[in-house]
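The values are calculated or read from the model by the stated rules, or taken from the named source; none is laboratory data. Quantities reported herein were computed from a predicted structural model and do not represent experimental measurements. Here the Cβ positions follow ideal geometry from the backbone for every residue, glycine too, while neighbour counts run over all protein chains shown. All accessible areas refer to the heavy atoms of the entire protein, side chains included, with ligands and DNA or RNA removed. Shrake-Rupley method; radii C 1.70, N 1.55, O 1.52, S 1.80 Å.
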Amino acid sequence: MELEKYKLGGTHLKSSDFEKGKVLTTAWQPNLAYTWDNGVAIGRYLDELKNGRIIARVCHECHRIMLPPRMFCELCFRPTDEWMYVQDTGVVSTFSVARVNWDASRRGPKEPPLLPAVIEIDGATKGMGILHMLGEVDPDDIKAGMKVRAVWKKSEDRTGAITDILYFKPLRAAASKKAPARRKR
Amino acid sequence: MIKRVAIVGIGTTGFRPITPDVSYRELIFEAARKAYTDAGIEPSEIGGFITAAEDFLEGYSICDEYCPDQIGAVLKPTQTIPGDFIQALATGYMMIMTGAFKTVAIEAHSKASNVKNIDELMGFAFDPVYNRPLRETPHAIAGLEMTRYMFETCTSAEQCARVVVKNKGNAMRNPYAAFGADIAEKDVLNSDPISLPLHRLDIAPHADGAVVAVLADGETALALSETPIWIEGLGWCTDTPTLEMRDWGEAAYARLAAEMAYKMAGIANPAGMIDFAEINDEYSFKELQHMEALKLCRPGEAGHLLESGATSYAGDIPINVSGGALGVGHLFEASGAHKILELVEQLRGEAGARQIPDVNIGLAQVWRGVPTATGAVAILSNM
Ligand SMILES: [Zn+2]
């Protein structure tokens, strides 16, 4: 390294110096806990996920079918008007291929990448839907505009959470798996 | 012409110990929709938005990002002040004074019921080197202040208890209040000892709720409202956080914030000019200590003024006719919002069963609670 030929003055600190308490610091582990009230919109949304269905809310002024549902329209600034079930299929709006976990730790060599995607859900207004994960798909095969379908947990395992959907898979997953030639870039 | 700023609309959900039926977004939307309807303005026409909120209370990092939807501020100039509503009010006032904004909406809310270990959260505000390792209850800070305040001013525990009796009684006339009660001084003095001389009933319990207010410059205010409520004075200040060096008897932060607000409003004789006041009573003795800091009476006189009935609903200078934090509930960053709400309703003559007759100038004062030494003051008038 070019820089190594320059001798720096002072005392170098290593992370082990901190770990061994050679550098004086003050540490504190906070113990905070919250239970947020779901309220009407989130409450019904999660209830319906437990039922294996996706529900949206309609504003009669701007005619948007909003997903996730909300009890007020943030643009018209009025209460929304009715519930509407939407499909559990949709179109990938955008996606990423994550080689690290949520805490920035690197995924092992045998672990497949995580595939977060924003899915515009069929039946909701364009541009609205669910941020979830893709599965049963080769990362190289994912494209914006790809049709996908929710893969649900078994009904007895659902708890009323966004994770009641395991992931979204390509509508023709079986076909694409059998596809002989994988497209390479 | 001297430029003025007025409150032209206000809306609230009222205040309840718990609000399990609505999310914080749904709670805030109700207050915002009422405020904009009250002001006769749609949020699309409002220039800027301010929320008074604090990440640890919300349980979200960067909670400002979660503010726009429920106040109608999507893709509009929006910011969050991690302080009391009255500090946000001061920011809104300054935004309008720049001339860049004709209208600004200000929001504050409490979902205190959603924080499962509030004492731990309050304790997390303590200095981690000097104070936190001692593991004292946050209320001990108030107990220490109360002891010194009582010692310096010869105020009695009975007088402090009487604040609770008055304010919980006032709250029974206030449909927004969560903790109205008909109690006696002995009930306060016999309630659970917390950090003596503080008892359980000396401490304001927490409540949930939201308030939104709309500010406008003078010209816009007169076009929008038949009863604009003018902001005459604002002040705020913070004492050293070092508990070891603080003045424990006097609320210097309140005295200096008030001096700043009185100077701006041109008020030389507060006790003669202020018709009524909503002041911080998060702990019973705080109402008395703050009255003295605000120069509504001299040091040591607040307890006697209270006993004379002068600060009661029908007295010469009603203090906390809404019920204060003891009667309405402690609302964290929305504490000032509730006080401004009360001032606006009183000054408009819309306060119903608790309306004080012939009021023109009201004062609202907040303190950000233990272990802080931050205070803010607002003076409003209907003239
Ligand atoms: Zn709409």
Any residue that is within 14 Å of another protein chain (Cβ to nearest Cβ), under 29 Å from B:P20 (Cβ atoms), open to solvent by 30 Å² or more (accessible area, probe 1.4 Å) and in contact (Cβ under 8 Å) with a residue 24 or more places away in the chain - is there at least one of those in the range B:126-147? no
Among what's in the range A:76-94 and is away from chain B (no Cβ under 12 Å) and more than 25 Å from the chain's Cα centre (by Cα), pick the residue that is surrounded by the fewest Cβ atoms within 10 Å (Cβ to Cβ). A:E82
Name every residue in the range B:304-317 that is crowded, with 24+ Cβ neighbours inside 10 Å and not β-branched (V, I, T), in order of residue number. B:L306
Criterion: in contact (Cβ under 8 Å) with a residue 40 or more places away in the chain and within 15 Å of the ligand (Cβ to nearest atom) - qualifying residue of A:A41, A:A56: A:A56
Test A:H132 against the stated conditions and say whether it is more than 14 Å from every other protein chain (Cβ to nearest Cβ), within 16 Å of the ligand (Cβ to nearest atom) and either touching a Phe, Trp or Tyr at 6+ places or on another chain (Cβ under 8 Å) or in a loop (DSSP other than H, G, I, E, B) (or both). no
If you check B:G235 against the conditions, is it at positive phi and touching a Lys or Arg at 6+ places or on another chain (Cβ under 9 Å)? no
Checking A:V23 against (1) open to solvent by less than 60 Å² (accessible area, probe 1.4 Å); (2) within 14 Å of chain B (Cβ to nearest Cβ), which single condition isn't satisfied? (2)
Across the range A:61-75, what is the number of residues that are near the ligand (Cβ under 8 Å from one of its atoms) and open to solvent by 30 Å² or more (accessible area, probe 1.4 Å)? 5
Return the pairs, sorted by first residue and then second, in which the second residue is among the basic types (K, R), the first residue lies in the range B:165-181 and is under 15 Å from B:H206 (Cα atoms), the beta carbons are less than 8 Å apart, and the residues are 6+ apart or on different chains. B:A178/B:R16; B:F179/B:K168; B:G180/B:K168; B:G180/B:R173
Qualifying residue in the range A:90-102 (condition: more than 16 Å from the ligand (Cβ to nearest atom) and without any contact (Cβ under 8 Å) to a residue 12 or more places away in the chain): yes
Residues of the range A:28-50 classified as open to solvent by 60 Å² or more (accessible area, probe 1.4 Å), more than 7 Å from every other protein chain (Cβ to nearest Cβ) and touching a Lys or Arg at 6+ places or on another chain (Cβ under 8 Å), total: 1
Identify all residues within the range A:135-174 that are assigned to a helix (DSSP H, G or I) and either over 27 Å from A:I42 (Cα atoms) or of a type in the set (A, V, I, L, M, F, W, C) (or both); write none if there are none. A:P139, A:D140, A:D141, A:I162, A:A173, A:A174
Restricting to the range B:92-108, name every residue that is in contact with a strand residue (DSSP E or B) (Cβ under 6 Å, 6 or more places away or on another chain) and either more than 14 Å from chain A (Cβ to nearest Cβ) or open to solvent by 10 Å² or more (accessible area, probe 1.4 Å) (or both). B:G92, B:Y93, B:M95, B:I96, B:F101, B:K102, B:T103, B:V104, B:I106, B:A108
When residues of the range B:270-315 are filtered for being among the charged types (D, E, K, R) and out of contact with any Gly (no Cβ under 9 Å at 6 or more places or on another chain), how many remain? 5
Identify, from the list B:L75, B:L121, B:L89, the residue that is surrounded by 17 or more Cβ atoms within 10 Å (Cβ to Cβ) and at pLDDT 95 or above. B:L89
Looking at the range A:115-128, is at least one residue open to solvent by 30 Å² or more (accessible area, probe 1.4 Å), within 19 Å of the chain's Cα centre (by Cα) and within 14 Å of chain B (Cβ to nearest Cβ)? yes
Spot the failing condition for A:D81; the list is (1) in contact with a Ser or Thr (Cβ under 8 Å, 6 or more places away or on another chain); (2) within 16 Å of the ligand (Cβ to nearest atom), and only one is missed. (1)
If I ask for residues that are within 13 Å of chain A (Cβ to nearest Cβ), in contact with a strand residue (DSSP E or B) (Cβ under 6 Å, 6 or more places away or on another chain) and farther than 19 Å from B:S335 by Cα, which ones from the range B:46-75 would you list? B:I46, B:P68, B:A73
Okay, helices (runs of 4 or more DSSP H) sitting entirely in the range B:274-383 with 1 or more residues that are among the basic types (K, R) and in contact (Cβ under 8 Å) with a residue 40 or more places away in the chain, I get B:284-293, B:335-348
Exclusive hit being crowded, with 24+ Cβ neighbours inside 10 Å, in contact with a Pro (Cβ under 9 Å, 6 or more places away or on another chain) and within 27 Å of B:Q346 (Cα to Cα), set B:A35, B:A53, B:A31, B:A39: B:A53
